[in-house]
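Participant: Mind having a look at this structure? Questions to follow.
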Amino acid sequence: MALPGVMRAERSQSTHAGLQAVVTGAAGGIGAAIVRGLIDLGITVHGLDRDRAGQQRLIAELNGDARYVAHVVDLADRADTDRVLAEVLAALAGRCDILVNNAGISRVQPFSATDDGLLDLLLAVNFTAAFRITRALMPALQGSGCAAIVNIASELALVGQAGYGAYCATKGALLAWSRALAVEFARQGIRVNAVCPGPTDTAMLNEEFAAAADPPAVRSAEIASVPLGRLGAAREIAAVVAFLASDAAAFVTGAAWSVDGGKSAR
């Protein structure tokens, strides 16, 4: 049997045309930036997101590029997720080369005020959906021969922050699970890595700022907590994802990549 590294070396000499990817949380923010990066490489991307209007905007931005296939789905709803997974699996026809579990939601809530409903929602979207989607796609990933899975965790999988207890727990679970998958599937040529973004200038983060008692002060404090002195850009996270999904990262698996301007190094 050829070694995974050998298979990747062979594929790196060809174009990316014909490669297939699945990206969750694809319609906006970091997810949309990931989609753009993969599409630019000629990869066909199946993008999953509950935001129908966001999907339509992304399709327009891509000028209707046929390499982007939008799927509207509520990842907190298992039945709806299973419905869309059946569509995606049929389209993939037995081979998936890249899976990016990017979908995530955040809620700022003191621990004592975090009820079961909020906990269940965060777990469902941030962790359980990624687990179930990966399980469903695993035969197609194995069909690639040299697939890459990239899970989007968070700096808060590495450090704690008040008001984010449930969110930290879900992202920590995603990171630990990524390491376990990396070990379990390495000999099958499937690499699994996690990216841990810091505060990134997206709609989700800006909504958190807007909900604060003093949005400008909270935004300034967040920026001040980053050694590089600014928020990240979605395209900067996407660039690391593209690297980890590529042949250039053929010897990288089980790693957590902090892309946070140095925040978790404090």
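Participant: Kindly indicate whether any position in region 43-51 is buried (at least 23 other Cβ atoms within 10 Å of the Cβ) and of a type in the set (Gly, Ala, Ser).
Facilitator: Yes.
Participant: Does region 165-181 contain any residue that is on the phi > 0 side of the Ramachandran plot and either in the same structural domain as Ala245 (by TED's automatic domain parsing) or not polar (S, T, N, Q) (or both)?
Facilitator: no
Participant: Next question. Give me the pairs: first residue in region 177-189 and within 15 Å of Val150 (Cβ to Cβ), second residue surrounded by 11 or more Cβ atoms within 10 Å (Cβ to Cβ) and charged (D, E, K, R), beta-carbon distance under 9 Å, and six or more apart or on different chains, which are they?
Facilitator: Within 9 Å, the pairs are Ala182/Arg191; Phe185/Arg191.
Participant: Is there a residue in region 136-159 that is more than 16 Å from Gly104 (Cα to Cα), without any contact (Cβ under 8 Å) to a residue 40 or more places away in the chain and in contact with a strand residue (DSSP E or B) (Cβ under 7 Å, 6 or more places away or on another chain)?
Facilitator: Looking through region 136-159, none of the residues is more than 16 Å from Gly104 (Cα to Cα), without any contact (Cβ under 8 Å) to a residue 40 or more places away in the chain and in contact with a strand residue (DSSP E or B) (Cβ under 7 Å, 6 or more places away or on another chain).
Participant: For residues that are free of Cβ contacts under 8 Å to residues at least 12 places away in the same chain, more than 19 Å from Ala32 (Cα to Cα) and among the small types (Gly, Ala, Ser), tally how many sit in region 63-85.
Facilitator: Looking only at that region, the number is 1.
Participant: Hey, another quick one. The conditions are (1) assigned by TED's automatic domain parsing to the domain that holds Arg95; (2) surrounded by 13 or more Cβ atoms within 10 Å (Cβ to Cβ); (3) under 23 Å from Thr128 (Cα atoms), and Met204 fails exactly one of them. Which is it?
Facilitator: (1)
Participant: For the list (1) in the same structural domain as Leu137 (by TED's automatic domain parsing); (2) touching a residue at least 24 places away in the same chain (Cβ under 8 Å); (3) farther than 20 Å from Ala124 by Cα, I need the number of the one condition that Ser225 fails.
Facilitator: (1)
Participant: Across region 210-245, which residue is modelled with the lowest pLDDT among those that are part of a helix (DSSP H, G or I), among the aliphatic types (A, V, I, L, M) and closer than 19 Å to Gln161 by Cβ?
Facilitator: Ala211
Participant: I'm trying to understand the selection: among the residues of region 121-143, which are within 11 Å of Ala76 (Cβ to Cβ) and either under 16 Å from the mean Cα position of the chain (by Cα) or surrounded by 20 or more Cβ atoms within 10 Å (Cβ to Cβ) (or both)?
Facilitator: Leu122, Leu123, Ala124, Val125, Asn126, Thr128, Ala129
Participant: Further, regarding this structure: Considering each of Cys96, Cys146 in turn, give the residue that is part of a loop (DSSP other than H, G, I, E, B), over 17 Å from the mean Cα position of the chain (by Cα) and of a type outside the set (Phe, Trp, Tyr).
Facilitator: Matching residue, one of Cys96, Cys146: Cys146.
Participant: Test Ala157 against the stated conditions and say whether it is small (Gly, Ala, Ser), within 16 Å of the chain's Cα centre (by Cα) and surrounded by fewer than 22 Cβ atoms within 10 Å (Cβ to Cβ).
Facilitator: Considered against the rule, which asks whether it is small (Gly, Ala, Ser), within 16 Å of the chain's Cα centre (by Cα) and surrounded by fewer than 22 Cβ atoms within 10 Å (Cβ to Cβ), Ala157 comes out as no.
The values are calculated or read from the model by the stated rules, or taken from the named source; none is laboratory data. These numbers come from a predicted model, not from an experiment. Positions of Cβ are backbone-derived with ideal geometry, glycine not excepted, and every protein chain shown enters the neighbour counts.
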